[in-house]
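Just below is one structure, and these are the notes that go with it.
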Amino acid sequence: MNRALALCLALLAVPATAPAEVQLSFYGGIQSAPSSDISIRDPDIGDDDFSLDWEGRSFEAPPYYGIRATRWQTPTFGYGLDFAHNKVYPTDDSLPAGYDVLEMTDGLNTLTVNAYRRWAPVVGNLSPYVGGGVGLSLPHVELTNGASETFGYQITGPAATWIAGASMPINDQWSIFGEYKGTFSSNTADLESGGTLEADVVTNALNVGVSFNF
């Protein structure tokens with residue numbers, strides 16, 4: 001989390017040609033993931049293809065959360081960095097025979113560069129917004145199958161995100177927001193036994209959060 005926060009704060013130092021509103025946001029919520037296909041090519045495990053049903057377990061340690069830094073260049077357009085600590089566990093009894101562990105729970109992290117469009121308040125002080133971006137998937141890959149054991153963070157491929165929500169100010173500096181956030185990551189992870197694990201994973205989340213405006 002410290003590294004993610006440092007990356008987001010680094011955005012604040014980017015020069016701007018005109019005065020801009022800078023916003024630092026923290027969010028959590030309920031995150032899930034539909035099933036995905038898994039492909040393993042490994043000298044010890046062999047060639048294996050199967051589908052896993054995932055669940056997010058959003059409130060179990062480590063919990064699902066995100067950090068976002070946004071520079072609003074105009075009242076309606078902004079850009080920034082978004083770090084999300086997603087998680088995917090296999091559902092009970094969904095692991096194929098021979099696998100003791102196969103999950104990305106610390107977590108299926110994504111770091112994306114996003115652009116945002118927001119509108120003037122439509123109901124009271126409630127302002128809708130949408131956003132999207134691309135970046136990297138940085139999961140903590142955990143796999144145990146017999147003598148093959150992988151446990152660690154990797155950069156495994158590209159990621160993308162899409163967001164729609166609304167925010168409401170509390171005062172001049174603080175605001176609260178709620179949103180839907182989806183992510184896609186295409187992961188090719190290196191296994192300790194010399195092979196690879198491939199998985200394309202989609203996550204869906206309903207977030208609530210708080211923002212501080214500079």
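The values are calculated or read from the model by the stated rules, or taken from the named source; none is laboratory data. Everything numeric here is computed off the predicted structure, so don't read it as measured data. Virtual Cβ from ideal backbone geometry, glycine too; neighbours counted across all protein chains shown. To get the accessible areas, we keep the full protein, side chains included, count just its heavy atoms, and leave off ligands, DNA and RNA. Shrake-Rupley method; radii C 1.70, N 1.55, O 1.52, S 1.80 Å.
Select from region 162-187 the residues that are outside any strand (DSSP E or B) and in contact (Cβ under 8 Å) with a residue 12 or more places away in the chain and write down the one among them that is farthest from residue 27 (Cα to Cα).
Pass one, region 162-187, residues outside any strand (DSSP E or B): 170-173.
Going one step further and asking which of them are in contact (Cβ under 8 Å) with a residue 12 or more places away in the chain, we end up with 172-173.
Working: 172: 19, 173: 17 Å.
Result: 172.
Residue under question is residue 151, and the condition is that it be in a strand (DSSP E or B) and over 24 Å from residue 70 (Cα atoms); does it hold? Talk me through it step by step, then tell me what you get.
Values: in a strand (DSSP E or B): yes; over 24 Å from residue 70 (Cα atoms): yes.
Yes: the conditions hold for residue 151.
Kindly establish whether residue 134 is without any contact (Cβ under 8 Å) to a residue 12 or more places away in the chain and among the hydrophobic types (A, V, I, L, M, F, W, C).
Details: without any contact (Cβ under 8 Å) to a residue 12 or more places away in the chain: no; among the hydrophobic types (A, V, I, L, M, F, W, C): yes.
So residue 134 does not fit the description; no.
In this structure, does residue 67 turn out to be assigned to a strand (DSSP E or B), under 30 Å from residue 147 (Cα atoms) and in contact (Cβ under 8 Å) with a residue 24 or more places away in the chain?
Judged against the criteria, residue 67 is not a match.
How many residues are assigned to a loop (DSSP other than H, G, I, E, B) and either surrounded by fewer than 20 Cβ atoms within 10 Å (Cβ to Cβ) or modelled with pLDDT under 95 (or both) if we restrict to region 99-135? Working first, answer last.
Step one: filter region 99-135 for residues assigned to a loop (DSSP other than H, G, I, E, B), giving 99-100, 119-122, 124-125.
Next, from what is left, pick out any that are either surrounded by fewer than 20 Cβ atoms within 10 Å (Cβ to Cβ) or modelled with pLDDT under 95 (or both): 100, 119-122, 124-125.
Residues flagged as assigned to a loop (DSSP other than H, G, I, E, B) and either surrounded by fewer than 20 Cβ atoms within 10 Å (Cβ to Cβ) or modelled with pLDDT under 95 (or both) within region 99-135 amount to 7.
How many residues are open to solvent by 60 Å² or more (accessible area, probe 1.4 Å), of a type outside the set (D, E, K, R) and at pLDDT 95 or above when one looks only at region 44-73?
3
For region 136-159, give me each residue that is among the aliphatic types (A, V, I, L, M) and open to solvent by less than 30 Å² (accessible area, probe 1.4 Å). Steps first, answer last, please.
Applying the first criterion (among the aliphatic types (A, V, I, L, M)) to region 136-159 yields 136, 138, 141, 143, 147, 155, 159.
Hits for region 136-159 are 141, 143, 159.
Checking the conditions here, which among 115, 166 is among the small types (Gly, Ala, Ser), within 26 Å of residue 70 (Cβ to Cβ) and touching a Pro at 6+ places or on another chain (Cβ under 6 Å)? Step through it out loud before you land on a result.
Values: 115 fails: touching a Pro at 6+ places or on another chain (Cβ under 6 Å).
Being among the small types (Gly, Ala, Ser), within 26 Å of residue 70 (Cβ to Cβ) and touching a Pro at 6+ places or on another chain (Cβ under 6 Å) holds for just one of 115, 166, which is 166.
Just to be sure, is residue 210 within 23 Å of residue 89 (Cβ to Cβ) and within 20 Å of the chain's Cα centre (by Cα)? Before the answer, list the steps.
Numbers: within 23 Å of residue 89 (Cβ to Cβ): no; within 20 Å of the chain's Cα centre (by Cα): yes.
In short, no.
What number of residues within region 188-201 satisfy the criterion of being without any contact (Cβ under 8 Å) to a residue 60 or more places away in the chain and open to solvent by less than 30 Å² (accessible area, probe 1.4 Å)?
Within region 188-201, the subset without any contact (Cβ under 8 Å) to a residue 60 or more places away in the chain is 188-190, 192.
Now drop any that are not open to solvent by less than 30 Å² (accessible area, probe 1.4 Å), which leaves 189.
The qualifying residues number 1.
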